[in-house]
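I have placed the structure first, in the form of structure tokens, so that the comments after it can refer back to it.
The values are calculated or read from the model by the stated rules, or taken from the named source; none is laboratory data. It should be emphasised that the depicted structure is a prediction, and the values quoted were computed from it without experimental measurement. Neighbour counts are summed over all protein chains in view; Cβ atoms, including those assigned to glycine, are modelled from backbone coordinates with ideal geometry. Heavy atoms of the whole protein, side chains included, go into the accessibility calculation; ligands, DNA and RNA do not. Shrake-Rupley method; radii C 1.70, N 1.55, O 1.52, S 1.80 Å.
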Amino acid sequence: MTDGKRLVLLHATDVHSSLERIEQLKQWLKEEDSKIDLVLLSGDLANMAMDPNAPQAEVEKSHRALDEVAQSFLSISSKVYYIPGNHDAITTFKTEGQSTATPCNVHTRSVCVAPKLHLLGFGGSVPGYVAGEQIWAGFPYQSNEAMAEDLQKFLDPIFFTSTDQLEPGSSIVFMTHNGPRESSTTEGRIRGEVNLRAPLVPIISGSTALHELLCKDELVSQRRVG
């Protein structure tokens, strides 16, 4: 941190409603005598199917499951911040007017989480591809263009239009569910055929929009994100 104090962050992701795993994590932290200042949860807290037309009852059930997971981390730290992933309810992407009390949904929000430390959140994912063919859908973004539109609305006022939203000298944590394209976390390999001797082909699941954002000259020169 800018004031020289040590800040301990716990990052967890893709919990998929596994409260048992959270209890195991709590036990491990207790054994290690670890004190956590902030908990960051980067999506897929619940385990809902990626269906934009899911019945309302299913959406509400998934939203409650996400709330339960987020609440369970409060015994680790009083400051819990999360974003929705592609397996969370569509309702969790609507954050306008919500409180910043934790657990706090920071999707498309900028929140000061410590002196001169701002957390920016952006959830959801884009489709995954193998050899140019889509192998799974994105949620709630059906294309990189759709994600780019929301990213621009969210980040332009912060980075490219005005700096008034951030204190001078502030540090930034940018938490996303979907990684940028060409990052190691978004590229895997799969066999294009059932034959075990068939060559592995790459799975491309990263966001081009995020990649282009992080490579913008304005950000690189300012070292605002990197």
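Looking across the range 141-155 at every residue that is crowded, with 20+ Cβ neighbours inside 10 Å and in contact with a helix residue (DSSP H, G or I) (Cβ under 6 Å, 6 or more places away or on another chain), the one that is nearest to MET48 (Cα to Cα) is identified as TYR141.
The residues on offer are ILE158, ILE135, and the sole one that is of a type in the set (Val, Ile, Thr) and open to solvent by 50 Å² or more (accessible area, probe 1.4 Å) is ILE135.
Could we say that PRO84 is in contact with a helix residue (DSSP H, G or I) (Cβ under 7 Å, 6 or more places away or on another chain) and within 13 Å of VAL15 (Cα to Cα) here? Judged against the criteria, PRO84 is a match.
Working only within the range 1-20, note down all residues that are of a type outside the set (A, V, I, L, M, F, W, C) and at pLDDT 95 or above. So that I can check it myself, show each step before the final result.
Our first condition is that a residue be of a type outside the set (A, V, I, L, M, F, W, C); within the range 1-20, this holds for 2-6, 11, 13-14, 16-18, 20.
Within the range 1-20, HIS11, THR13, ASP14, HIS16, SER17, SER18, GLU20 meet the criteria.
Cβ-Cβ contacts under 6 Å between residues 6 or more apart (or on different chains), taken from a first residue in the range 22-38 that is in contact (Cβ under 8 Å) with a residue 12 or more places away in the chain to a second residue that is open to solvent by less than 100 Å² (accessible area, probe 1.4 Å) and assigned to a helix (DSSP H, G or I), are listed as ILE22/SER72. Residues that are over 30 Å from GLY188 (Cα atoms), assigned to a loop (DSSP other than H, G, I, E, B), open to solvent by 40 Å² or more (accessible area, probe 1.4 Å) and not β-branched (Val, Ile, Thr) within the range 91-132 comprise LYS94, GLU96, GLY97, GLN98, SER99, ALA101, PRO115, LYS116, listed in sequence order. Checking each residue in the range 19-48 for being over 22 Å from PHE93 (Cβ atoms), open to solvent by less than 80 Å² (accessible area, probe 1.4 Å) and polar (S, T, N, Q) picks out only SER34.
Which pairs have Cβ atoms under 6 Å, sit 6 or more apart or on different chains, and link a residue in the range 43-63 that is under 14 Å from GLY124 (Cβ atoms) and in contact (Cβ under 8 Å) with a residue 12 or more places away in the chain to one that is open to solvent by less than 60 Å² (accessible area, probe 1.4 Å) and part of a helix (DSSP H, G or I)? Listed pairs, sorted by first residue: LEU45/LEU66; LEU45/VAL69; ALA46/SER62; ALA46/ALA65; ALA46/LEU66; MET48/SER62. Has the range 66-86 got any residue that is in a helix (DSSP H, G or I), modelled with pLDDT of 95 or more and among the acidic types (Asp, Glu)? Yes.
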